[in-house]
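Input: a single structure, listed below in structure tokens.
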Amino acid sequence: MKGGRGEKRRGFTVWHRGGVMWLWCLVVLCALMSVSCSSRRGRFRMEGHLLHMNQGRLLVYSHDGIINGIDTINISGGRFSYDIPCNAPGTLMIVFPNFSEQPVFAESGGSIELSADASHLKEMEITGTEDNELMTDFRRQTALMSPPDVAHHAELFIGDNPESAVSEYLLRRYFVLSAKPDYRKANALLDKMIDKQKENGRLMRLKNDLKRLEGWGIGAVMPEFSMPASDGGTLNSNELKGQVVVIATCASWQYESINQVRLLKQKAKEKGNAFKPVFICLDASMDGVKRMLEKDSVSWRMACDGKMFEGKVVGQLGLYKVPGNVIYNRQGRAVERNLETQELLKKIDDMLK
């Protein structure tokens, strides 16, 4: 009996020592993880791997101020890395060499992995944080859908995930900034999101913007505005009376917007004084505007206040995308918004017949 108890005692001692060692290792591991997490707090990191793109660069901007101006990400050997200060959640817009854009949702301490075939960006996969994984699932589910079906799917997603940053992006993309915005539906969905994100100041600002946009929608009179112009003077709404006017946003880093600018300038030459395009550049400084104008053989004034999407006039006109546009008739009333380039040119022709 004694021997049996002794054997149990020795077994307990061995187990006890091993258990203490295991617990000690666990404590050390947790401490290391804690140090690692705390060192990442206040920063956001993105690692990426792109197939069929060995060298190149990506551009990054933000509607919500998480970064200032435009950043550049260099790709080498198909890989890239991007690390920024980040103390609050925000959305980064990644501009690819084919000029398509995809959102990435940043958060303090977050780290993500992005992988994609450069020729099939709708199949992009982002892992590492819940919001980016939700967006990856949304991309996959809607990759082959028609635009109306994608919008319907976005509505269902927002209803199921009102607490997600992805819902904020989808709301703007499909119900506020689309060619045919649905402000009533946007307001209803936004109320659900605000109920779940009471501390999100961006949602409250969007609520105020929607109230203003409803007032400045189709049929609304052009607001009075004034902005610094590329020639050192001022561009203001008083210059636009009695003409068909297109006010369009552009940026030196957005190809389609530059293409739209060129075609609108050509249309202005064809139509003479009956048609006037006005360009608001959303670059972070007038330097980008001047470089853009220097590359173009047709000179034209542009307005730029350097505030990108936070500018007062951009807010007054509801032009929160690039390229974005609003068309006013000779009476100064809005008739269309955010048309694609060819639709825009056709609408101008129809109005000037």
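Descriptive notes on the structure:
- Counting only the Cα atoms, segment 312-353 fills a convex hull of 63 Å³ per residue.
- For segment 229-349: rounded, prolate or oblate by the Cα gyration tensor [a/c cutoff 1.5]: rounded
- In segment 131-194, the portion of solvent-accessible area held by carbon and sulfur atoms comes to 54 percent [1.4 Å probe, whole percent, DNA, RNA and ligands not counted].
- Shown is the FRET efficiency for Glu130 and Asn273, computed with R0 = 56 Å from the Cβ-Cβ distance and rounded to the nearest 0.05: 0.55.
- Computed FRET value (nearest 0.05) for Ile84 with Asn259, which takes r as the C-beta separation and R₀ as 22 Å: 0.15
- Only Cα sites of segment 78-213 enter the Debye sum here, all with the same form factor; the resulting log10 I(q)/I(0) across q = 0.09, 0.14, 0.20, 0.22 1/Å is -0.27, -0.68, -1.33, -1.51, listed in q order.
- Compared with the direct C-alpha span, the chain from Val335 to Ala143 gains 66.0 nm at full extension, assuming 0.36 nm per residue.
- Contour excess over end-to-end distance, with Cα ends at Lys185 and Val221 and 0.36 nm allotted per residue: 10.6 nm
- Arg173-Arg301 pseudo-label distance in nm [points 7 Å out on the Cα-to-Cβ vector]: 3.7
- Local net charge near Gly242, Cβ-Cβ under 15 Å (Lys/Arg +1, Asp/Glu -1): +4
- Where labels lie 7 Å past Cα in the beta-carbon direction, separation of Ser76 and His153 in nm: 3.7
- Approximate spin-label separation Asp117-Ile194, in nm, with each point projected 7 Å along Cα-to-Cβ: 4.4
- Added length on full extension, which subtracts the Cα-Cα distance from 0.36 nm per residue, Glu101 to Asn54: 15.0 nm
The values are calculated or read from the model by the stated rules, or taken from the named source; none is laboratory data. Note that the coordinates shown come from a computational prediction; the quantities given were computed from them, not determined experimentally. Cβ sites come from the backbone with ideal geometry, for glycine too, and all protein chains shown count toward neighbours. Surface areas here come from the heavy atoms of the whole protein model, side chains and all, with no ligands, DNA or RNA. Shrake-Rupley method; radii C 1.70, N 1.55, O 1.52, S 1.80 Å.
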